[in-house]
Amino acid sequence: MKQEYTEIESPALLDNVKEMKEDGYRLVQICCTRVPDGYELTYSFDKEYNFCHLRLTVPESGWVMSITSLYWSAFIYENEMHDLFGLDVRHIANDVDYKGTFYRLSEKAPWHTPPKKPAPPVRPQAKQPPVSKAAPAGEAVKTTAKAEEGAKEHG
Amino acid sequence: MAETTVIPFGPQHPVLPEPVHIDLEMQDEKVLRAIPSIGYVHRGLEKLVEKRDYQKFVYVAERICGICSFGHGWGYCRAVEGAMHIDVPPRAKYLRTIWHELSRIHSHLLWLGLMADAMGFENLFMSSWRMREKILDIFEETTGGRIIFSVCKIGGVRRDMEKGTLNSIVDRLTDMEAELRVITDEFLKEPTVIRRMSGVGVLSREDAIELCCVGPVARASGVVGDMRLIDTEGAYQDLSFEPCVATEGDCLARCKVRIAELFQSIGLIRQAVEKVPDGEIAALVRGNPKEEFFTRIEQPRGEAIYYVKGNGTKFLDRMRVRTPTNANIPALVRALQGCDYADVPMLVVTIDPCISCTER
């Protein structure tokens, strides 16, 4: 399956999507991926099994225009992006703008943080030499202090 | 003009096996607007990919859904195989196709049972699920599991099927075909069922295209689209079949399409068993995925999209699944507008919603 991504700028999104709509393409999905400098959005379309993608990157503090005016069914993906990633999607069609309540989540925008590469696994340390059975010095001091206190009480 | 009332439908409802909530704005008995909301079983499985080895994540992907679990495992494997340029051996492609088509029969029989239950046809419900048990027995025999198989892995499959086992599957499916014909005739010829479903919840071809529907929902409205026709990762290019399509777009048409697909899947398995080549069942997998890859697969409920993005480590940056129900919810919302309140359960079930898939 060919993998072609057409890079576009955020302000040109609606124009590009409008072209796809006029060409008879079907909206397949919108995928949001958290990248270190913001969000990478992939809009996938299909027409007679021709699968193609539009891609744009939105900065972390940026926003993206809703495409529900062209593809009403995009509300599922746009509300999901807003609820899970915290991405600001503006002008979602009034009847399907859930304003953050599409998913019932206990945490706001739980996927907002970019993925971190996990730290390498910690190797088990070499075996320590056996500890002598004699009491450590600290305990010996405590015992002595207690003995002294006892001696004072008995006076 | 009568007042508008809002009736909450779900998340707990006798016809709903899974939790979805729909606010129905009603005027008398007519639905004016339906507002769905989800989130009751959201598990964040896509995010979990950042903490699980990409090879072990197949087990998580399979658990996205209990009905099309094999398809989810296969879809994820295909995306990773695409990102790593792995060539899957032909025998593995055939075995995967056979298990996937068995899953389709299992899913459609489960749906037929739920459909019968929704309209109060208990006998038909039990007959459908009794047939489904036979498919589950085949799964248990060939994979060791009845619902979650864990038989698909990156590069191929874990288990092989002997020639005797494959022939036995075909024999059992041939016996089942005759029994299935009796059950499905009840669905398609019984006057009560026809009256209950015919002309209800009509989704026109134009609406199906505009709302980007997939799978049997789209095909029941006359949209010819089946990802198996262009599938090169399964054995479908060697098998002959035509997509099952109806034009009425109502509940009965969706039922007809799924029933036709039951027999189509049996035919596909029969062809695949005849043509299955000898050879290895898995390719060697070396290294970690560095690239990104989109793939799509025809699940029992329709087209599903899988996307992976690797970073050179064994942990992926992103895994995305767009399930068929995700694409069919807008169609459900549109079809509910203007329907009678008594038809709402019927309509919801004919979309065959899988909320567990949708929420992931």
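Read the figures in this text as sums done on the coordinates, not as results from a lab. Here the structure is a predicted model, which is why all the values come from computation and not from measurement. Glycine gets a Cβ as well: all are built from the backbone with ideal geometry, and neighbour counts include every protein chain shown.
For the protein assembly as shown, the mean residue ellipticity at 222 nm estimated from helices alone is -12500 deg cm²/dmol, where every DSSP H run of n ≥ 4 contributes -39500 (n - 2.57) and the total is divided by all residues, rounded to the nearest 500. Stokes-Einstein diffusion for the protein assembly as shown at 25 °C, viscosity 0.890 mPa s, with a Kirkwood radius from C-alpha pairs, works out to 99 µm²/s. Couplings for segment B:250-267, taken from phi via the Karplus curve 6.51 cos²θ - 1.76 cosθ + 1.60 with θ = phi - 60°, read 9, 4, 5, 5, 5, 5, 4, 4, 5, 5, 4, 5, 4, 5, 5, 5, 4, x Hz in order; Gly and Pro are left as x. Summarising the amide proton neighbourhood of B:M26: residues at separation of 5 or more, or on other chains, whose placed amide H is nearer than 5 Å comprise B:T5, B:V6, B:I7, B:L32. For segment B:102-115, 3J(HN,Hα) computed residue by residue from phi via the Karplus equation (6.51, -1.76, 1.60; θ = phi - 60°) reads 4, 4, 5, 4, 4, 5, 5, 5, 4, 5, 4, x, 5, 4 Hz, glycine and proline entered as x.
In this simple spin-label approximation, B:R158 and B:D28 carry label points 7 Å from Cα along the Cα→Cβ vector, and these lie 5.9 nm apart. Listed as lacking a disulfide-compatible partner in chain B: B:C68, B:C77, B:C152, B:C212, B:C213, B:C244, B:C251, B:C255, B:C339, by the criterion of no other cysteine Cβ under 4.7 Å. If R0 is 22 Å, the Cβ-Cβ spacing of B:V6 and A:A93 corresponds to a FRET efficiency of close to 0.65. Inter-chain Cβ neighbour count for A:23-31, averaged per residue, equals 6 (cutoff 10 Å, partner chain atoms only). Over 19 Å apart at the Cα level, from the set B:K51/B:K290; B:K93/B:K290; A:K18/A:K99; B:K56/B:K290; A:K47/B:K93; B:K189/B:K256, are B:K93/B:K290; A:K18/A:K99; A:K47/B:K93.
Within the shell of other residues whose beta carbon sits under 13 angstrom from the beta carbon of B:S198, the net charge comes to +1, with Lys and Arg scored +1 and Asp and Glu -1.
Build a GNM of chain B with springs between Cα atoms under 10 Å apart, and of B:L16, B:L347, B:L284 the one that fluctuates most is B:L284.
The value of relative contact order for chain B, using C-alpha pairs under 8 Å at least six residues apart, is 26 percent.
Averaged over the residues of B:205-214, the number of partner chain Cβ atoms lying within 10 Å of the residue Cβ comes to 3. The mean number of partner chain beta-carbon atoms within 10 angstrom of a residue's beta-carbon across peptide A:32-39 is 2.
Derived scalar couplings between HN and Hα for segment B:132-149 equal 4, 4, 5, 5, 4, 4, 5, 4, 4, 5, 9, 10, x, x, 9, 10, 9, 9 Hz in order, rounded to whole Hz, by the Karplus curve 6.51 cos²θ - 1.76 cosθ + 1.60 (θ = phi - 60°), x for Gly and Pro. Across segment B:191-285, Cα pairs under 8 Å and at least six residues apart give a relative contact order of 30 percent.
Near the amide H of A:R26, within less than 5 Å, lie the amide hydrogens of A:D46, A:K47, all on another chain or at least 5 residues away, with H placed in the peptide plane. For segment B:1-98, the residue among B:Y94, B:V49, B:G39 whose Cα projects farthest onto the positive side of the dipole built from Cβ charges is B:Y94.
Within segment B:47-104, list the trypsin sites (Lys or Arg not before Pro) lying in a DSSP loop whose Cβ has at most 14 other Cβ atoms in a 10 Å radius. Counting only loop positions with at most 14 other Cβ atoms within 10 Å, the trypsin sites (Lys or Arg not before Pro) in segment B:47-104 are B:K51, B:K56. Stretched out straight at 0.36 nm per residue, the stretch from B:S240 to B:D175 would grow longer than its current Cα-Cα span by 21.2 nm.
Inter-label distance, B:K51 to A:T101: 3.0 nm, where each label sits 7 Å from its Cα along the C-beta direction. The mean of 1/r over all pairs of different alpha-carbon atoms in segment B:43-342, once inverted, gives a Kirkwood hydrodynamic radius of 19.9 Å.
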